[in-house]
1. Could you tell me which of the residues THR170, THR144 is out of contact with any strand residue (DSSP E or B) (no Cβ under 8 Å at 6 or more places or on another chain) and either more than 25 Å from LEU302 (Cβ to Cβ) or buried (at least 19 other Cβ atoms within 10 Å of the Cβ) (or both)?
2. So LEU211 ticks every box in (1) under 24 Å from PRO279 (Cβ atoms); (2) touching a residue at least 24 places away in the same chain (Cβ under 8 Å) but one. Which box is left unticked?
3. Hey, any hits in region 59-78 for a residue that's open to solvent by 10 Å² or more (accessible area, probe 1.4 Å) and without any contact (Cβ under 8 Å) to a residue 24 or more places away in the chain?
4. For the list (1) farther than 22 Å from LEU265 by Cβ; (2) not in a helix (DSSP H, G or I), I need the number of the one condition that ILE195 fails.
5. Would you mind stating whether ASP197 is within 24 Å of LYS282 (Cβ to Cβ) and more than 16 Å from the chain's Cα centre (by Cα)?
6. Of everything in region 266-307, what is within 15 Å of the ligand (Cβ to nearest atom), surrounded by 18 or more Cβ atoms within 10 Å (Cβ to Cβ) and in a loop (DSSP other than H, G, I, E, B)? Give them in sequence order.
7. From the list ASN196, ASN157, ASN127, which residue is under 27 Å from ASP26 (Cα atoms), of a type outside the set (Ser, Thr, Tyr) and open to solvent by 10 Å² or more (accessible area, probe 1.4 Å)?
8. Report yes if PRO132 is within 16 Å of the ligand (Cβ to nearest atom), part of a loop (DSSP other than H, G, I, E, B), open to solvent by 10 Å² or more (accessible area, probe 1.4 Å) and closer than 26 Å to PHE180 by Cα, otherwise no.
Amino acid sequence: MSSQLSFNHLINSNQFSHEDIFLLTDTALKLKQDDKLYQKLLSNKILATLFFEPSTRTRFSFESAMLKLGGNYINLEQGDTSSISKGERLEDMGKIISAYADIIVMRHPQKGSVEQFATYADVPVINGGDGPHEHPSQSLTDLTTILENKKRLSELNIGFFGDLKYARTTNSLIKLLTTFKDNHFTFISSKELRINDTLRVFLKDKNQHFLEHNSLEDVIADLDILYVTRTQLERTKKETISTISPITINSLKAAKKELIILHPLPRVTELDTSVDSHPSAKYFEQANNGLYLRMALLKNLLSDTKT
Ligand code: NCD
């Protein structure tokens, strides 16, 4: 493989270098200007999307990205129409699907499952989310949106709001942002949904300064970015968690004019629709950027093919 990227499989956010990040985000923003730039690049290439958990944005944006690059896709949704429902092992599936597709995106409820699957696959595998663990292509989408709006990935004051314990999107993005200089983290959540111990230890080991609050009001004025996530009810017991007040347009009164609000979506109740018309709301743009970032990923991971 002659890809310029430093990885073949995209599994965890700690895999990519800053060169990888800038190559992918630059390509994504170029494709946003002109999505026909590489319209025949991946003709004859096939993407397989294997989603064992629900998805709208991640699956559709990968499938759409492949079509826009001239390729095609085959898919399988939540295992119910496949041999997984007959008890087929993921390992066997890794080998088999590699014969049918040139690249695979997989989402699975278990931490580490996509990494394990990738060891049996002969083609690049992208982690589309493994349980509460990682979602690296979403983090690259987030970084694209931050760069587009802030022109930098360092010296940022970033607030993370909502479920910080089980959300894989925040888990991946926080780790990545620690690799850039002078970023400050503020975690806003109910006490049951504070950052998990693994992330806490990671941040302490890296001497990263962070604050924890249970009210957005106390900290909103200091933030450059507010990243919101829904409560991951599929990974926790609803009755065991208390929630904090949802964000409404009134929560933003003291915010900086340049604040940007991101959310990987879907949203449930944590972010009121009254915020959608606020100039800081960038989450629909972020979802849109997911398409271009995934085009950039497919282009670069399959770049030993004709150019
Ligand atoms: C997220 C996910 O699946 O982790 N969505 C996404 O991929 N854009 C967020 C979520 O489900 O809360």
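1. THR144
2. Among (1) under 24 Å from PRO279 (Cβ atoms); (2) touching a residue at least 24 places away in the same chain (Cβ under 8 Å), LEU211 violates only (1).
3. yes
4. The single condition ILE195 does not satisfy is (1).
5. The answer is no for ASP197.
6. Once the filter is applied, which keeps residues that are within 15 Å of the ligand (Cβ to nearest atom), surrounded by 18 or more Cβ atoms within 10 Å (Cβ to Cβ) and in a loop (DSSP other than H, G, I, E, B), region 266-307 yields ARG267, GLU270, LYS282.
7. From the options ASN196, ASN157, ASN127, the qualifying one is ASN157.
8. yes
The values are calculated or read from the model by the stated rules, or taken from the named source; none is laboratory data. Quantities reported herein were computed from a predicted structural model and do not represent experimental measurements. Note that we place each Cβ from the backbone using ideal geometry, even for glycine, and neighbour counts take in every protein chain shown. Please note that ligands, DNA and RNA were not included when accessible areas were found on the heavy atoms of the full protein model with its side chains. Shrake-Rupley method; radii C 1.70, N 1.55, O 1.52, S 1.80 Å.
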